[in-house]
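S.K.: Please read through the structure below; I'll follow up with questions.
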Amino acid sequence: MLILKLALRTLLRRKARMALIGVLVLFGTFLVIFGGTFSQSAAKASKDSIIHNFTGDFIVYSERSKDLPSPFAFNTPLPILKNPEKLGAALKAIPEVEAFALYAQNYSIVQVDREGKKIELPFIFYAVQPDPYRSVFSNIKVKEGSYFGLDNGQGPNQGILISTYQNEQYQKNYGVTLRPGESVTLLGITEGGVNTVRSTMLGIFEPLHYKSVFDYINFMDSATYSNLYNYTGVQGLPSSFNTALTAASGDEGSIFQLANDSAVGNIDLSTLKTQALSGFTMVAVKLKDHSRLEAVMKELGNMKDLEIKVARWDVASGFYAQISKALQLFIFIATALIFLVVILIFMNTLIINVVERTSEIGTMRAIGAEKSFIRRMFLLETLILNLSAALVAMVLTGILFITQGQRGIPLPETVSQFLIGGGPLPLSLSAGPFVLALVIVFVVSVLATVYPVRVATAITPLKAMSDR
Amino acid sequence: MNVVELENVKKYYQLGQTRVEALRGVSLSIEQGEFLTIAGPSGSGKTTMLNMFGCIDIPTEGTVRIAGTETEKMTDKELTRYRRTKIGFIFQSFNLIPVLNVYENIEFPLLLQKHLSKEERHERVMQAILEVGLENRIKNKSAELSGGQRQRVAIARALVGRPLIVLADEPTANLDSETGKRIIELMRTINENDKTTFIFSTHDAHIMKAAKRVVHILDGQIVDESSAVEV
């Protein structure tokens, strides 16, 4: 009680200096809470944004791939998934899976006729199954035409979609503007040469998020993609062939013996039809419950016959997830530096206090106060001041968050695009940053008093006796 | 009964390359109830001697006994406890705690003792306040008091713990002569009434006149002792 009385009155007596320290601590606390909430919100928004726009909760890709999957890997397309139907069936059988979309990224050339002249336009695209892709990702809004005919009930139609920005670039660089409904020729470069496929320009879209990415990425349906790049197989073999093949024991000799079997060896090739294969390189998988991510990834990874690998959303998104982590690190370092400065200023102020109070401390020691009394007195003064300032900061920050939280934190467009795909940062409020701020202020207060208290307790009663 | 005994006490300080001999073999006994002055010029060793009596400094050589206990063997904690219970201090610059009022300043040493009840503390504080005549200034802070009033508070604070010895280091140095005289008279009265031992360091002639015994010190050695009659 005595120490509390002394601490409170000393703080009041030195109110100007203490107010300055209080403001510093208040500012520091605000930074911790704001920084913590900001980085937490940015991390969550970034994660949600990446999951809903690029990767889903995780990406499945070919076991043969030497590279990690990346929604931006247009220069080095991944190996094609060997058995997408089987993979699809396996994913459907996992109850935690909400939806999945097979897709591939590639580039080709769009050729259009203008006044009898053929103009070739570069075309970077995602090859998608229109409906499943839309069930996993919500990253575009069609402004003209339709989304593969699905939004007007006619689809799914085969063709391409391009972004408004892409169309503007075509106009700017080639003097060509594509219009929904017009016929185009697609040119795909394969090992055997250049393939051409007639297709239709289905629509023009505007990216909803990550404008800096989706302005440059267009869309093609998977059937057109298969045709363009010769991803074809045999549509159906005679049932006698399948029966004989199943009956073969499986060793090489038995299979070669089938050539002598008339039901197998004499197939009329003219009766066989080609069937488009997917050419998909990745599957974005969206889960009902994100917390089951590791379990589902493990379950899929154990299905060796699928010949696949899996990559978490943050691994697959490459540097986009790193931006959020780098931002968190930056905020942590900035906050730590600010608190280091606060500690130094505070320590310095406390030492000045101790020097000014040499007589007072020496007198207390002379009349019987133990060192622990002096130590507790300084510590209590510091804690009262700093924790009060921290509490005020917490209340003010809480009010700010409640009033501004709905609107989110406005960010510069470029930062926002890279961090969360655009727009204001929605605040994810939690007690964590508040508790953290309180703990930091407490620890900083204790640390800041260590040296000044050592100086104070080293003051002997002799000092008070000889003080003039 | 001797409350303080100094036996061939020497105290040396190292100031850079120079060794300062503050006390050079001082022996002195002080009895219960004495009103003793240590007189001498500045730098003669008065304050060092007082520090030895007050358990706030220990000798380099020799023995200091307070109420029969040798202080040089005591730990810092034991010395603190000893000061708290056996010794009262009156400082030249009063050294009141600025954030506390008169009542609280006087109560402070009792609060450190912990074992006293609130009622007992109040009784003792009020008794000390009445003794020094500050009953109308109980709620005042030290900044609102005159020099004489502050020294009265310091006297009350020194007495409230009922110490064996009260040590006063030039208690009138910061007071005008009239106030200084009244303060000395007050302490003399308390000494006579309560038989509390008072030890001063001073070069104030009024205090020397009021003292029952004067010990003259020069260059760290006792050079002369005189009784009140001789003074």
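Values in this text are rule-based calculations from the coordinates and carry no lab data. All figures in this text were calculated on a predicted structure; none of them were measured in a lab. Heads up, the Cβs are rebuilt from the backbone with ideal geometry, glycines too, and the neighbour counts pull from every protein chain shown.
S.K.: Starting from the Cα of B:S226, step 7 Å along the direction of its Cβ; do the same at A:Y174; then give the gap between the two resulting points in nm.
M.R.: 12.0 nm
S.K.: Once fully extended, how much extra length lies between A:V315 and A:S135, figured as 0.36 nm per residue of separation less the alpha-carbon to alpha-carbon distance?
M.R.: 62.6 nm
S.K.: Answer rounded, prolate or oblate for the stretch A:30-121, using the Cα gyration tensor with square roots of eigenvalues a ≥ b ≥ c: rounded when a/c is under 1.5, else prolate when a/b is larger than b/c, else oblate.
M.R.: Here the stretch A:30-121 falls in the oblate category.
S.K.: Using Cβ contacts closer than 10 Å as the measure, can you line up A:V197, A:V439, B:V125 from fewest to most?
M.R.: Least crowded to most crowded, the residues run A:V439, A:V197, B:V125.
S.K.: For B:K212, which aspartates and glutamates qualify as cross-link partners when the Cα separation must be under 12 Å and same-chain residues fewer than eight apart are set aside?
M.R.: B:E31, B:E34, B:E192, B:E225, B:E230
S.K.: Which percent of the Cα-Cα distances in the stretch B:56-119 go past 16 Å?
M.R.: So the pairs more than 16 Å apart make up 58 percent of the total in the stretch B:56-119.
S.K.: What number, in percent, do you get for the relative contact order of chain B if the mean sequence gap of Cα pairs under 8 Å and at least 6 apart is divided by its residue count?
M.R.: 29 percent
S.K.: So what's the net charge close to A:P132: Lys and Arg +1, Asp and Glu -1, counting the other residues with Cβ under 12 Å from its Cβ?
M.R.: 0
S.K.: Could you calculate the FRET efficiency of A:K143 with A:N230 from 1/(1 + (r/R0)^6), where r is the beta carbon distance between them and R0 is 25 Å, rounded to 0.05?
M.R.: Computed FRET efficiency for A:K143 and A:N230 comes out at 0.15.
S.K.: Sticking with this one: Between the stretch B:153-223 and the stretch B:1-39, how many Å separate their Cα centres?
M.R.: Measuring centre to centre over Cα atoms gives 17 Å.
S.K.: Looking at the protein assembly as shown only, what percent of DSSP beta bridges run antiparallel? Nearest 5 please.
M.R.: So the antiparallel bridges in the protein assembly as shown amount to around 75 percent.
S.K.: I've got another one for you. Can you give me the distance in nm between label points at A:F27 and A:T196, each placed 7 Å from the Cα along the Cα-to-Cβ direction?
M.R.: 6.9 nm
S.K.: Which length gain, in nm to one decimal place, applies between A:V355 and A:L20 when the Cα-Cα distance is subtracted from 0.36 nm times their residue separation?
M.R.: The A:V355-A:L20 span can extend by a further 118.7 nm.
S.K.: If you don't mind, there's one more thing I want to ask. Can you bin the stretch B:123-197 into rounded, prolate or oblate? Criterion: square roots of the alpha carbon gyration tensor eigenvalues sorted a ≥ b ≥ c, rounded for a/c under 1.5, prolate for a/b above b/c, oblate for the rest.
M.R.: The shape class here is oblate.
S.K.: Could you please report the charge total around A:S183, scoring K, R as +1 and D, E as -1 over all other residues with beta-carbon less than 13 angstrom from its beta-carbon?
M.R.: Computed value for this residue: +2.
S.K.: Which part of the stretch B:69-85 falls in the paramagnetic zone of B:Q113, meaning amide N under 16 Å from the point 7 Å along Cα-to-beta-carbon?
M.R.: It comes to B:80-85, nothing else.
S.K.: Okay, moving on. For A:V142, what is the net charge nearby, where nearby means another residue's Cβ is under 13 Å from its Cβ and Lys, Arg count +1, Asp, Glu -1?
M.R.: 0
S.K.: Further question on the same structure: Give the long-range amide H neighbours of A:V142: residues separated by 5 or more places, or on another chain, with amide H under 5 Å away, using H modelled in the peptide plane at 1.01 Å from N.
M.R.: A:E206
S.K.: Could you check the simple spin-label distance between A:K86 and A:V392, using points 7 Å along Cα→Cβ, in nm with one decimal?
M.R.: About 6.9 nm, to one decimal.
S.K.: Between A:S430 and A:I119, what length in nm is gained on full extension when 0.36 nm per residue of separation is reduced by their alpha carbon distance?
M.R.: 106.4 nm
S.K.: Further question: What shape does the stretch B:73-207 take by its C-alpha gyration tensor, where a ≥ b ≥ c are the square roots of the eigenvalues and a/c under 1.5 counts as rounded, a/b above b/c as prolate, and the rest as oblate?
M.R.: Taking the square roots of the gyration eigenvalues as a ≥ b ≥ c, the stretch B:73-207 is oblate.
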